[in-house]
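Notes for the one structure printed next.
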Amino acid sequence: MRRRREEEHVNNERWMVSYADFITLLFAFFVVMYSISSVNEGKYKVLSESLIGVFSQAPTAPEPIQIGEHTPRTLAPEPEATPQAAAEQVSTDSDGADPLESIAEAMQAAFGELISVGDLRIHANELWIEIELNSGLLFPSGDALPLDSAFGLIERIAGILSPYDNPVHVEGFTDNVPIRSPVYPTNWELSAARAASVVRLLSSGGIDAGRLAAVGYGEHRPVADNATPAGRRANRRVVLLVSRFTETRHQQSGQGVADPQAMRQARAEGASGPPVAGAGDGSSMQGIN
């Protein structure tokens with residue numbers, strides 16, 4: 001009797017194996033593509049700069065060995081600091097004290113009476129100290145020849161400033177009353193002449209002339225209202241600016257400094273001679289520059 005052959009079972013789901021393999025490979029493909037597309041900006045920037053630095057360098061060739069005394073360019077001595085660069089440094093006393101504070105304390109101790117009545121004012125900050133003098137302490141009305149009392153006053157100020165190396169800029173100011181004088185056509189000339197007179201007195205008092213400069217502003221930088229007599233009096237002033245920095249921008253002139261004795265003599269001759277009609281910054285002598 002013939003044995004019946006068993007029928008083989010047909011697997012209709014074998015396609016799923018191939019499909020699963022295909023999906024796995026496709027998933028791996030997209031994962032790789034995603035990882036490539038996500039660039040780390042920091043690492044990319046470092047890499048880019050490195051490549052740029054490498055390819056931008058000029059091609060180098062081995063230099064021949066130098067025989068004898070030869071200083072490599074990379075080992076050349078650094079240039080020494082110039083006097084101008086050294087002068088730009090901030091000045092300090094030998095004991096480390098602040099020169100501006102020392103000047104301010106000395107001025108307050110020497111001129112306390114003038115400070116109390118308002119004829120002398122001291123303003124200071126971290127860059128400079130400002131010594132403001134009323135013009136009535138130094139000059140007669142409408143003139144730039146110092147009063148007799150001004151010589152001693154400026155000499156005392158010069159004694160305080162002379163031990164230091166800080167530049168001193170002297171600035172002259174007037175009120176807005178027009179001057180009528182053949183010597184000083186405008187307030188500019190008067191203010192500049194007054195600043196120059198103070199500079200000469202400071203120089204004769206022991207301050208290095210190379211540290212000094214004179215500037216005249218005339219009526220154009222008032223500190224008070226010129227509509228009142230008190231305001232005009234406040235605007236008539238001479239200011240000494242002492243800088244913290246020891247840089248000297250003004251070269252010393254080759255001409256000698258005027259003798260204070262000659263200035264006193266000129267002051268005396270001017271006082272003994274006939275007055276100039278309308279001399280001063282205005283029509284009258286009272287309350288004028």
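What follows is calculated from the coordinates using simple rules that are stated; it is not laboratory data. Remember, predicted model here, so these are calculated numbers, not experimental data. For neighbour counting, all protein chains shown are included, and Cβ atoms are generated from backbone atoms with ideal geometry for every residue, glycine included.
Here the simple spin-label model places points 7 Å from the Cα toward Cβ, and for D165 and E130 these points are separated by 2.7 nm.
For the stretch 99-248, the Cβ-based charge dipole about the Cα centre amounts to some 380 debye (Lys, Arg positive; Asp, Glu negative; other atoms uncharged). Across the stretch 134-151, computed HN-Hα scalar couplings (Karplus, 6.51 cos²θ - 1.76 cosθ + 1.60, θ = phi - 60°) run 5, 4, x, 6, 10, 9, x, 5, x, 9, 10, 7, x, 5, 4, 6, 6, 4 Hz from first to last residue, x flagging Gly and Pro.
Rank the residues R200, R121, R237 as a footprinting-exposure proxy: fewest other Cβ atoms within 10 Å of their Cβ go first. Walk me through the numbers on the way to the answer.
Details: R200 22, R121 16, R237 26.
Starting with the residue having the fewest Cβ neighbours, the order is R121, R200, R237.
Ordering 201-213, 165-177, 132-144, 15-27 by mean Cβ neighbour count within 10 Å, with the highest value first, yields 165-177, 132-144, 201-213, 15-27. Among residues other than E132 with Cβ under 14 Å from its Cβ, the summed charge is +3 (Lys and Arg +1, Asp and Glu -1).
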